[in-house]
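Here's the structure we're looking at; comments come further down.
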Amino acid sequence: MEFKISKDQTALVVIDLQNGITAFPTAPYTPLEVIGNAVLIVKKAREAKMPVFLVHVTPSSDFKDALRPDADNVMAFSNLPEDWAEYVPQLDVQPSDIHITKRQWGAFYGTELDLQLRRRGIKTILLCGISTNIGVESTARDAYERGYNQIFVEDATAARSDEEHNFPMRTVFPKIGKVKSTKEVLQAFD
């Protein structure tokens, strides 16, 4: 069966390609590789007049909405750089892009992402970004539970380690969607 993207029912959702997140090393692809591949897909989606959702994460200025779990390895937010939540310039943010600000890992909880997708008649989301096993996976699990079809762009996604990237790509994502390369996704637009 030939892989095609339904331009009328698909949206691109880009997770956390922002200055503060992309400043850290990632694997198996560098932040610049992920950004480069994501930009190719963003451009193609815009040309196809598909909705492009840019998602970024940031706590409120007083940090009171930051989650503080009793955990062994808590990810702490404090003293973030001023440009932490700004999208990387390579995304070339356009007025047509839809911006979603999240306060936790997943892009659905506490945001209007689901509402905006449904109002546009979206049935499938193309998902990419950083980090595979955190923001992307949390968003993917929520999308699955809401009934969306999903396409995961493997080489436009990365995590802090190969293991953190490969586990969801090999075990979780194939059960809830399709895992494709940037090249396969770009070809599916034609």
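Each reported figure results from applying straightforward, stated rules to the coordinates on display, with no laboratory input. Nothing here was measured: the structure is a model prediction, and the numbers come from that model. Backbone-built Cβ (ideal geometry, glycine too); neighbour counts: all protein chains shown.
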- Note on the structure: Both in Å, the radius of gyration and Dmax of the C-alpha trace of segment 88-129 are 11.5, 29
- Per-residue ellipticity at 222 nm for the chain, helices alone: DSSP H runs ≥ 4 residues times -39500 (n - 2.57), over residue total, nearest 500 deg cm²/dmol? -7500 deg cm²/dmol
- Just order 98-111, 125-138 by mean Cβ neighbour count inside 10 Å, highest at the front, would you? 125-138, 98-111
- Anyone know which of L113, L32, L80 comes out most mobile in the 10 Å Cα GNM of the chain? L80
- Task: Taking a cut-off of 20 Å between Cα atoms, list the lysines near K178, but don't count ones fewer than 8 places away on the same chain.
- Result: K4, K7, K44, K123
- Query: Starting at 0 and stepping by 5 Å, how many percent of the alpha carbon pairs of segment 1-61 end up in each bin?
  - Reply: 4, 16, 22, 21, 16, 13, 7, 2, 0, 0
- Message: Just want to confirm a number: the relative contact order over segment 74-190, from Cα pairs under 8 angstrom separated by 6+ residues, in percent.
- Response: 20
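As an exercise, take the mean of 1/r over every pair of distinct alpha carbons in segment 120-190, invert it, and state the Kirkwood radius in angstroms.
Values: mean 1/r = 0.0825 Å⁻¹.
So the Kirkwood estimate lands at 12.1 Å.
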- Message: Given N residues in the chain, what is its alpha carbon radius of gyration divided by 2.2 N^0.38 Å?
- Response: 0.96
- Item | Relative contact order %, segment 90-156, counting alpha carbon pairs below 8 Å whose residues are six or more apart | 31
- Note on the structure: The rounded separation in angstrom of the Cα centers of segment 157-174 and segment 1-61 is 16
- Task: With unit charges on the beta carbon (Lys/Arg positive, Asp/Glu negative), name the residue among P174, V136, Y148 whose Cα is farthest towards the positive pole of the charge dipole of segment 117-190.
- Result: Y148
- Item | Using a Förster distance of 35 Å, the FRET efficiency for K43-E163 (Cβ separation, nearest 0.05) | 0.65
- Note on the structure: Computed ³J(HN,Hα) along segment 161-176: with the Karplus parameters 6.51/-1.76/1.60, θ = phi - 60°, integer Hz and x for glycine or proline, the list is 8, 4, 4, 5, 7, 5, 4, x, 5, 9, 10, 9, 4, x, 7, 10
